[in-house]
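What follows is a short report on a single structure.
The values are calculated or read from the model by the stated rules, or taken from the named source; none is laboratory data. In this text the structure is predicted, and so the values were computed from the model without any measurement. Reconstructed Cβ throughout: ideal geometry from the backbone, glycine too, with neighbour counts over all protein chains shown.
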Amino acid sequence: MLEPLPALQEPLRPASPFARDLPAGAAFDWLRAGWNDFRHTPGPSLVYGLLIVAISVGVLAGLHATGTIYLALPALAGFLIVGPFFALGLYEKSRRLAAGEPVSLGAMLRARPTSTGQLAFAGLMLGLLVFFWLRAADLLYALFFGLQPFPGAEDALTNVLTTARGWTLIAVGTAVGGLFAAFAFAISLFSIPMLMSERRDALTALGTSFGMTTSNLPSTLTWGAIVVAGVALSVATGLVGLIVIYPALGHGTWHAWRAIARHETGP
């Protein structure tokens, strides 16, 4: 008599290379850890924040000088895209603090990423994404107000805020910009810290960052909201707040990467 076959067992699934489904509260742990890194030897982080403010003011001055100040808001959205790339020195400080190494502004500015060439390629791709978004903003304005010479920043602002077409443009532009921002946020959030500390190619890093972000939506969306709130507060203070907010968020992003990449178990 034949013996009954043993029950079939489901094949074991390979463990995920990164954490999944972290709770929304994890984002506040990252923020707290970033703030602690900022408070530890705050001088270099403050100077780093001042450099970022100087770059931002220079970009705004360039837009004003070329008569394209109307692109200030899209440029602000672009800052959210390339922000992780400019935070390399902040990641280096957080790495040094975790490793018990001395911290200095020079060490932050001389940070040597593990994948230097690939990091440059990723930065180029993010820069191109910002360029496409700025061109898209230009195209949207032309679609709603016609292919005609740009009337100037004040008239353009009046057109956008006081006409039905202008309000429609705001709604469509917000939707399109949201898609750009969501995609860019997902591919840039963890790819830059990854290339900073591991030997990866840029495309793999960008794709892995997308997977990390979408697999941890509660925590990463909360972190995105914290970043947006921080940038909004910086704008409300005439970019002065960016001196403190940007370094704290940069350090926090490093801790977010370390937590999701399972290099650490807590903030």
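Looking across the range 155-188 at every residue that is within 12 Å of the chain's Cα centre (by Cα) and surrounded by fewer than 17 Cβ atoms within 10 Å (Cβ to Cβ), the one that is modelled with the highest pLDDT is identified as PHE183.
To keep it simple, each residue is scored yes or no on (1) of a type in the set (S, T, N, Q); (2) closer than 30 Å to ASN36 by Cα.
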{"position": "TYR48", "(1), (2)": "no, yes"}
{"position": "SER56", "(1), (2)": "yes, yes"}
{"position": "LEU60", "(1), (2)": "no, no"}
{"position": "LEU63", "(1), (2)": "no, no"}
{"position": "GLY89", "(1), (2)": "no, yes"}
{"position": "LYS93", "(1), (2)": "no, yes"}
{"position": "MET108", "(1), (2)": "no, yes"}
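Taking every residue in the range 40-62 that is touching a residue at least 24 places away in the same chain (Cβ under 8 Å) and pairing it with any residue that is of a type in the set (Lys, Arg) and part of a helix (DSSP H, G or I), at least 6 positions away or on another chain, the pairs with Cβ-Cβ distances below 8 Å are THR41/LYS93; PRO44/LYS93; SER45/LYS93. Within the range 129-147, no residue satisfies the criterion of being outside any helix (DSSP H, G or I) and at pLDDT 75 or above. Scanning the range 30-48 for residues that are more than 11 Å from TYR246 (Cα to Cα) and of a type outside the set (A, V, I, L, M, F, W, C) yields ARG32, ASN36, ASP37, ARG39, HIS40, THR41, PRO42, GLY43, PRO44. In the range 189-267, counting only helices (runs of 4 or more DSSP H) that sit wholly within it, the ones holding 1 or more residues that are of a type in the set (Gly, Ala, Ser) and at pLDDT below 90 span 191-197, 202-214, 217-236. Look at the range 188-215: where a residue is under 18 Å from MET125 (Cα atoms) and a partner is in a helix (DSSP H, G or I) and aromatic (Phe, Trp, Tyr), sitting 6+ places away or on another chain with Cβ atoms under 7 Å, you get PHE190/TRP257; ILE192/PHE85; PRO193/TYR91; PRO193/TRP254; PRO193/TRP257; MET194/TRP257; MET196/TYR91; ALA202/PHE121.
Taken over the range 19-72, the criterion of being in a helix (DSSP H, G or I) and hydroxyl-bearing (Ser, Thr, Tyr) is satisfied by SER45, TYR48, SER56, TYR70.
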